[in-house]
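Structure first, then comments.
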Amino acid sequence: MVRNYFVIAFMLISVSFAQAQLSVGLKGGLHTSLVGDNENYTFDNEGLEELKLQFNEASYSFHGGLFLQAELGNFVFRPELVYSSNRHSFLIEDLKNMAPPTVLEESYQQLDIPVLFGAKFGFLRMNLGPVGHLHLNSTSELTDIDGYKSKFQEMTYGWQGGIGIDIRKVHIDLRYEGNFNKFGDHITISETNFNFDDQASRFMASVGFAF
């Protein structure tokens with residue numbers, strides 16, 4: 001259903017913006033995930049806490065790609081195609097064997113496809129719209145944990161909103177991203193499913209240059 005929405009929206013906007021002012025360019029920037037401090041546990045056969053898994057830190061990561069911006073009066077349509085790298089670390093504590101806590105890292109790459117709508121007043125631009133995330137690859141040190149399994153969804157969805165500043169060919173964007181999947185829901189340890197926040201959200205800053 002969401003995928004069909006992307007297709008229909010693209011077709012309608014393509015017709016409407018046949019006479020619009022178009023610009024195409026490259027963009028790049030940094031982002032970081034915003035995650036709560038929730039603690040998750042696995043339990044042994046007696047119901048006792050066996051392993052504690054806690055989100056530790058989200059590193060600043062890079063994103064870069066292409067954008068198209070169509071302007072018709074004050075109205076703006078801006079689809080993008082962006083490669084995104086993400087890196088997080090987790091604090092692991094073996095409660096059963098009283099082992100000291102260790103920090104393990106996980107990284108994954110995805111293709112972000114935001115389709116944004118908005119308004120522009122002078123150099124100030126406001127954007128809001130859906131975004132799709134196509135999972136490309138992942139590596140994780142969590143594989144060292146017995147019973148660990150990982151399964152990323154091939155495609156997930158969310159939304160982006162924020163403000164932009166366009167000064168001639170330079171485009172500056174600050175955005176907040178919310179997603180409909182829970183952060184960490186790809187992690188399973190000893191048949192226990194994990195998540196650390198109700199949604200996987202990010203803060204994003206980028207600079208673009210239109211051709």
Set of lysines near K120 by C-alpha distance (under 29 Å), chain-local residues within fewer than 8 positions excluded: K27, K169
Percent accessible area from carbon and sulfur atoms, region 117-211, protein chains only, probe 1.4 Å: 61 percent
Heavy-atom accessible area per residue - region 106-201, 1.4 Å, Å²: 50 Å²
Karplus (6.51, -1.76, 1.60) ³J(HN,Hα), θ = phi - 60°, over region 92-105, in Hz, Gly and Pro reported as x: 10, 9, 7, 6, 5, 9, 6, 7, x, x, 10, 10, 10, 10
Mean projected area in nm² (Cα convex hull; one quarter of hull surface) for region 88-147: 7.0 nm²
Rh (Kirkwood; distinct C-alpha pairs) - region 150-196, Å: 13.4 Å
Anisotropy class of region 43-180 from Cα gyration tensor, a/c 1.5 cut: prolate
Residue-wise HN-Hα coupling along region 165-178, computed from phi with Karplus coefficients 6.51, -1.76, 1.60 (Hz; x: Gly, Pro): 10, 10, 10, 6, 8, 8, 10, 10, 10, 10, 9, 10, 10, x
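The values are calculated or read from the model by the stated rules, or taken from the named source; none is laboratory data. Quantities reported herein were computed from a predicted structural model and do not represent experimental measurements. Heavy atoms of the whole protein, side chains included, go into the accessibility calculation; ligands, DNA and RNA do not. Shrake-Rupley method; radii C 1.70, N 1.55, O 1.52, S 1.80 Å.
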